[in-house]
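A quick write-up on the structure given underneath.
The values are calculated or read from the model by the stated rules, or taken from the named source; none is laboratory data. Quick caveat: nothing in here was measured; it's all calculated off a predicted structure. Cβ: placed from backbone, ideal geometry, glycine included. Neighbour counts: every protein chain shown.
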Amino acid sequence: MITSTSLPPDLIARVDEIVDADSERLVDLFKTIHRNPELGFMEIQTSRQIEKALQNLGFDVTKGIGKTGIAATLRNGGGPVVMYRADMDANAVQEETGLDYASDVRVTRDDGTEVPVAHMCGHDAHVTWLIGMANVLVALKDRWSGTVVLIGQPAEEPITGAKAMVDDGLYNFIPAPDVLIGMHTNPDPVGAVTSSPGPRMAGTDQIDVRFRGVGGHGSMPQKTKDPVRMAALAVVEFGSVVQASIDPSKTAVLTVGSIQAGADNNVIPSEALIKLNIRWYDPEVRETLLSAIASISESVARTFGVADDLLPEITMKGGSSPLITSPELAAGMAESLTSAIGADNVITDLPPVISSEDVQELKGPHPDMPFNYLMVGVADREVWQAARDRGDEVPFTQHNPNYVVDLEAIGYGTKIAAYAVLGLLDQA
């Protein structure tokens, strides 16, 4: 089994020297990506940034995997094959940070809705870290051997990008990896890094339920089968599913994120759409939630006398399994990082959370591939401490309009990425 080894002091010093010399370029790159965010499967400019940077460094680059995904390979003699992923997409969130490089981008989605777009989850930092780490690896080719596969992944936010890359033939373009690594920003202070074993994030599914009825004039509801009322009743019933159906000792969340129906005050529409999200760790819990959603939706529609051919349509839009790190690998990487940044900065006992990821879906046909996931603190230390002093655990959370990656985290995260990958390669 592949293991992570601690870097010798002189190699750590060389990584730091290279990143420090590159820091101005990396901060400028980060600001450019932050100022020009792109939603899932729209990451044309961001993907191009990765493509150009890695081609210039001598990587063998394949673009357009899973629409906008990038896979880049650098072979440097015999040794382990290490795959490292950075996700590229932004959020449909209006930024409120007030930064001089804040996003004011708005885009029109396929359904015709116009939304703001901003990097409120740190994927702009992820891309920058990947490019900066690639530069370190090339500069230090005489100090390691093996093969590095870098992935620029689209559409992590809708939980569809990793699977899209695998389904589009990712493994036709890259060698089979021995290990997979992901990194993500976290609102801990800059300097903190988490490498924690076992279950880390919940599995998730994105589900659309479309109620279909008979529309008509608002003055004659008796001549309609009102899908708005169907949706309203279903939402109320969905709210009791977890309490009524799931063992309290199990993790389960069912969230209604959106209800969309109609346009006019005096028109009963013929359709209403509910957008749902579920979270789970136990596959049996997932099946219970999905079954309840289907049963409630059909029962409500039948109560309104809907014909069989107009029963609700349920669409599974995307999802991922729980994110579970390999215990031995997580422990080994924690030990390796401790030698580089000190034990006080390495967190190994972070409790599992209910948020979700899809990086683990990149394993594709290699489900037993060792995998670890690092969380890197990006909050300004004074801002973080002020939040703690007023009783808040963190100053902001992912997807919040005020999520700010401190610029000190750009170089620091690049170093962590370099330490992590070098520790998995054979050192010369």
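A few notes on this one:
- Selection count where residues are more than 18 Å from residue 300 (Cα to Cα) and part of a strand (DSSP E or B), scope region 214-247: 2
- Region 172-193 - residue that is more than 17 Å from the chain's Cα centre (by Cα) and among the hydrophobic types (A, V, I, L, M, F, W, C) and, of those, nearest to residue 370 (Cα to Cα): 179
- Single condition residue 145 does not satisfy, out of (1) surrounded by fewer than 19 Cβ atoms within 10 Å (Cβ to Cβ); (2) in a loop (DSSP other than H, G, I, E, B); (3) touching a residue at least 24 places away in the same chain (Cβ under 8 Å); (4) not acidic (Asp, Glu): (2)
- Test: residue in region 183-191 that is within 28 Å of residue 286 (Cα to Cα), among the β-branched types (Val, Ile, Thr) and buried (at least 23 other Cβ atoms within 10 Å of the Cβ): yes
- Unique residue being in the same structural domain as residue 395 (by TED's automatic domain parsing), out of contact with any strand residue (DSSP E or B) (no Cβ under 6 Å at 6 or more places or on another chain) and closer than 17 Å to residue 277 by Cα when the list is 234, 164, 155, 176: 155
- Qualifying residue in region 119-131 (condition: in contact with a helix residue (DSSP H, G or I) (Cβ under 8 Å, 6 or more places away or on another chain), over 16 Å from residue 59 (Cβ atoms), in contact (Cβ under 8 Å) with a residue 12 or more places away in the chain and not in a helix (DSSP H, G or I)): yes
- Looking only at region 60-81, and only at residues there that are charged (D, E, K, R) and over 12 Å from residue 50 (Cβ atoms), the one that is surrounded by the fewest Cβ atoms within 10 Å (Cβ to Cβ): 60
Every residue, every condition in (1) closer than 19 Å to residue 177 by Cβ; (2) within 22 Å of the chain's Cα centre (by Cα), yes or no:
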{"residue": "56", "(1), (2)": "no, no"}
{"residue": "65", "(1), (2)": "yes, yes"}
{"residue": "68", "(1), (2)": "no, yes"}
{"residue": "74", "(1), (2)": "yes, no"}
{"residue": "88", "(1), (2)": "no, yes"}
{"residue": "96", "(1), (2)": "no, yes"}
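- Filtering region 238-265 to residues that are of a type in the set (D, E, K, R) and buried (at least 17 other Cβ atoms within 10 Å of the Cβ) leaves nothing.
- Of everything listed in (1) over 27 Å from the mean Cα position of the chain (by Cα); (2) outside any strand (DSSP E or B); (3) in contact (Cβ under 8 Å) with a residue 24 or more places away in the chain, the single unmet condition for residue 211 is (2).
- Residue-level check: of (1) touching a helix residue (DSSP H, G or I) at 6+ places or on another chain (Cβ under 8 Å); (2) not in a loop (DSSP other than H, G, I, E, B); (3) not assigned by TED's automatic domain parsing to the domain that holds residue 421, residue 250 misses just (2).
- Test for residue 297: is it crowded, with 17+ Cβ neighbours inside 10 Å and in a helix (DSSP H, G or I): yes
- Residue within region 215-227 that is within 19 Å of residue 275 (Cβ to Cβ), small (Gly, Ala, Ser) and either surrounded by 21 or more Cβ atoms within 10 Å (Cβ to Cβ) or not assigned by TED's automatic domain parsing to the domain that holds residue 330 (or both) present: no
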